[in-house]
Amino acid sequence: MLQPIWDVLLAHAPLLRSPLFPALFSLGSYLSFCLPFLLLDALAPRCALVRRYKLQPHSSVSWSAVRSCAALVFYNHLVFVFPLTVLHWYLMPVNLPAHAPALPLLLAQVLVCLLLFDFQSFTWHLLHHKVPWLYRNFHKVHHTYTSTSALTAEYSSAWETLSLGFFAATTPVLLGCHPLTELAFFLLNIWLSVEDHCGYDLPWATHRLVPLGLYGGARHHDLHHLKSTCNFAPYFTHWDRLAGTLRTQDGAGTSEGS
């Protein structure tokens, strides 16, 4: 089922093998996913229908904040991400097999990648809140805004951008994933990160599609930015539940932190 898609991508093999591709793919996907939410942010002050879905309805996104977030994202990609992708391209040339993976295998590996990244991020995030030096020097930048918006997803220090990027890049490699599986995981991961920070609890939000409260979503992560002492996992809720750091909007659950 995936072979026609992979054949189309293989027709652009020089681009896929280019050292420019990873940075352009990451930046382009991120900005594309942010755009619909930026439109909602522009409409929210004038449209009650949009405002009703805002997690913090009395907050608004200033365009100076948008410029600041965009500037830092471009800076981190240009100064840090791009040189590292060039180095990776030089040391480990891209291998593009002729055949696509089976769809069930791709879906299973994307889910495993997402679960592993969620655990890595939870551990990393909790550590940076528990150790004051790490929080002050590396993670505090990301908490500049207590009201989340889409572009704040990657408003972070270079260390945070690179370390989380390292987790995302190495997880598919450790599992021996096909390049198409890697692309699918990267796209999903970027989308979920943007949705986590979008500042809206929309009717079609991911956490409404996953049953039993297993997935936190934007409401879950917005509370983390408000309280900074709970909900450290980026996506799923099981690690926070086990650690006693899960908190819901209505005050249920427990929270610990520093």
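Which count do you get for residues in region 230-248 that are polar (S, T, N, Q) and at pLDDT below 95?
So the count comes out to 1.
How many residues are of a type outside the set (Gly, Ala, Ser) and under 11 Å from the mean Cα position of the chain (by Cα) when one looks only at region 139-154?
Count: 3.
Yes or no: region 74-90 includes at least one residue that is closer than 22 Å to residue 222 by Cβ, assigned to a helix (DSSP H, G or I), of a type outside the set (Gly, Ala, Ser) and at pLDDT 95 or above.
Taking every residue of region 74-90 in turn, none turns out to be closer than 22 Å to residue 222 by Cβ, assigned to a helix (DSSP H, G or I), of a type outside the set (Gly, Ala, Ser) and at pLDDT 95 or above.
Is it true that some residue in region 92-111 is in a loop (DSSP other than H, G, I, E, B), loosely packed, with under 13 Cβ neighbours inside 10 Å, in contact with a helix residue (DSSP H, G or I) (Cβ under 8 Å, 6 or more places away or on another chain) and among the small types (Gly, Ala, Ser)?
yes
Okay, residues lined up against (1) in contact (Cβ under 8 Å) with a residue 40 or more places away in the chain; (2) aromatic (Phe, Trp, Tyr); (3) under 25 Å from residue 248 (Cα atoms); (4) in a loop (DSSP other than H, G, I, E, B):
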{"position": "24", "(1), (2), (3), (4)": "no, no, no, no"}
{"position": "33", "(1), (2), (3), (4)": "yes, yes, no, no"}
{"position": "38", "(1), (2), (3), (4)": "yes, no, no, no"}
{"position": "41", "(1), (2), (3), (4)": "yes, no, yes, no"}
{"position": "45", "(1), (2), (3), (4)": "no, no, no, yes"}
{"position": "57", "(1), (2), (3), (4)": "no, no, yes, yes"}
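Does residue 23 qualify as being over 12 Å from residue 194 (Cα atoms), among the hydrophobic types (A, V, I, L, M, F, W, C) and at pLDDT 95 or above?
Answer is no for this residue.
When the residues of region 59-72 are filtered to those that are polar (S, T, N, Q) and not in a helix (DSSP H, G or I), which remaining residue is surrounded by the fewest Cβ atoms within 10 Å (Cβ to Cβ)?
62
Can you name every one of the helices (runs of 4 or more DSSP H) wholly within region 158-229 that holds 1 or more residues which are at pLDDT below 95 and either small (Gly, Ala, Ser) or in contact with a helix residue (DSSP H, G or I) (Cβ under 8 Å, 6 or more places away or on another chain) (or both)?
So the answer is 158-174, 206-209, 217-227.
For region 45-52, indicate whether the set of residues that are farther than 15 Å from residue 198 by Cβ, touching a Pro at 6+ places or on another chain (Cβ under 6 Å) and either surrounded by fewer than 16 Cβ atoms within 10 Å (Cβ to Cβ) or among the hydroxyl-bearing types (Ser, Thr, Tyr) (or both) is non-empty.
Within region 45-52 (the criterion being farther than 15 Å from residue 198 by Cβ, touching a Pro at 6+ places or on another chain (Cβ under 6 Å) and either surrounded by fewer than 16 Cβ atoms within 10 Å (Cβ to Cβ) or among the hydroxyl-bearing types (Ser, Thr, Tyr) (or both)), the answer is no, since none of the residues qualifies.
Being without any contact (Cβ under 8 Å) to a residue 40 or more places away in the chain, buried (at least 21 other Cβ atoms within 10 Å of the Cβ), under 18 Å from residue 117 (Cα atoms) and among the hydroxyl-bearing types (Ser, Thr, Tyr) narrows it down to one of 237, 206, so name that one.
Within the list 237, 206, the selection yields 237.
Among the residues in region 132-155, are any over 29 Å from residue 60 (Cα atoms), among the hydrophobic types (A, V, I, L, M, F, W, C) and in contact (Cβ under 8 Å) with a residue 40 or more places away in the chain?
No, that holds for no residue.
Scan region 139-157 for residues that are closer than 17 Å to residue 30 by Cβ, in contact with a Gly (Cβ under 8 Å, 6 or more places away or on another chain) and outside any helix (DSSP H, G or I) and jot them down.
Once the filter is applied, which keeps residues that are closer than 17 Å to residue 30 by Cβ, in contact with a Gly (Cβ under 8 Å, 6 or more places away or on another chain) and outside any helix (DSSP H, G or I), region 139-157 yields 148, 149.
So which of 57, 93, 45 is in contact with a Lys or Arg (Cβ under 6 Å, 6 or more places away or on another chain) and modelled with pLDDT under 95?
57
The values are calculated or read from the model by the stated rules, or taken from the named source; none is laboratory data. All values reported here derive from a predicted model rather than from experimental measurement. Glycine gets a Cβ as well: all are built from the backbone with ideal geometry, and neighbour counts include every protein chain shown.
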